[in-house]
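Enquirer: Let me give you the structure first, and then I'll get to my questions.
Every read-out reported here was derived from the displayed coordinates using simple, explicitly stated rules and does not represent laboratory data. The structure displayed is predicted, hence computed values, not measured ones. For neighbour counting, all protein chains shown are included, and Cβ atoms are generated from backbone atoms with ideal geometry for every residue, glycine included.
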Amino acid sequence: MEKKLKVLIACEESQTVTKEFRQLGHDAYSCDLQDCSGGHPEWHLKYDVIEELKKDWDLIIAHPPCTFMSKAGARWMYPTAGNICDSRLKKGIEAKDFFLKCLNANAKYIAVENPQPLKIIGLPDYSQIIQPYQFGHPFSKKTLLWLKGLPNLVPTDIVSEFKPYLPSNTGGKKRGQSFMFKNITQKESSKTFTGIAKAMAEQWSVYIINQPPPTA
Ligand SMILES: C[S@@+](CC[C@H](N)C(=O)[O-])C[C@H]1O[C@@H](n2cnc3c(N)ncnc32)[C@H](O)[C@@H]1O
């Protein structure tokens, strides 16, 4: 391999993306407050990622928590028409602050992933929308990428028949019924799809390695 990249996967307990970069020979580490479930504790930094965001990584990919920012939580942000839940909005603003720390981290190449945010949170414009069905999985789950210095991901395997991975939580009738399509926990549902992780590792590592060195 020509060059080993130092890669931080922030807010990743599954190690799905970390393992794809390791597979290609790169020095990738997951970082999460929780234990890793990916089977490689030797590649896992189990603590708050904030200090790591200031260090000298070639590439940072972040999956910050979305619970209080996501459009899927609209019904809890607006419990009755026209009224906003102040405590939830406060948590949404805190989540935005953390999201922006990830996006403004100290690395030349950065990708931050999140679902569609609520407008009121005021996140910056995203770079790209991707779907699991573009990367070999028979599911839809709208996923947004905010990219710095990186090209958009190119779909690798478009699946024409797919179903929603998660129910829409915005409809009143479904209130309280999470994950009706699959009997999975919230933690399971937020793990990155392997096809997307593979595309990130393959496409972005080649892109970064092929960039011309900075001129003096
Ligand atoms: C939406 S989940 C992302 C899961 C990820 N896609 C995966 O495959 O593991 C957000 C993750 O951020 C972690 N997290 C929240 N705050 C954090 C912090 N300050 N430092 C590190 N991890 C954090 C949570 O523990 C959770 O695992």
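Enquirer: For the chain, what is the percent of antiparallel DSSP beta bridges, rounded to the nearest 5?
Expert: Antiparallel bridges make up about 35 percent of those DSSP assigns within the chain.
Enquirer: Shifting gears a bit: Please check: in the Gaussian network model of the chain (C-alpha springs, under 10 Å), which one of V206, V49, V17 has the largest mean-square fluctuation.
Expert: V206
Enquirer: From Cα pairs below 8 angstrom and at least 6 apart in sequence, can you work out the relative contact order of the chain, rounded to a whole percent?
Expert: 19 percent
Enquirer: Can you list which of the chymotrypsin sites (Phe, Trp or Tyr not before Pro) found in the range 41-101 are DSSP loop residues with at most 12 other C-beta atoms within 10 Å?
Expert: Hits after loop and neighbour filter: Y47.
Enquirer: Restricting to DSSP H runs of at least four residues, report the calculated mean residue ellipticity at 222 nm for the chain, -39500 (n - 2.57) per run over all residues, nearest 500 deg cm²/dmol.
Expert: -5500 deg cm²/dmol
Enquirer: Based on DSSP, what percent of beta bridges with both residues in the range 21-124 are antiparallel, to the nearest 5?
Expert: Given both bridge residues lie in the range 21-124, the antiparallel proportion sits at roughly 25 percent.
Enquirer: Here is a further query. Quick one: of K54/K163; K6/K71; K91/K148; K4/K119, which pairs are farther than 31 Å apart, Cα to Cα?
Expert: K54/K163; K6/K71; K4/K119
Enquirer: Under the 0.36 nm per residue contour assumption, what length would be gained going from the current alpha-carbon distance of S140 and K187 to full extension?
Expert: Details: separation 47, 0.36 × 47 = 16.92 nm, distance 1.77 nm.
Gain on extension, S140 to K187, equals 15.1 nm.
Enquirer: Mind checking the full-extension length gain between Q203 and A74? Use 0.36 nm per residue of separation minus the Cα-Cα distance, one decimal, nm.
Expert: Here the answer is 43.0 nm.
Enquirer: Hey, for a label at I158 modelled as a point 7 Å past Cα toward Cβ, could you say which residues of the range 112-146 have their backbone N under 18 Å away?
Expert: Within reach of a label on I158, which here means backbone N under 18 Å from a point 7 Å along Cα→Cβ, the range 112-146 contributes 128-143.
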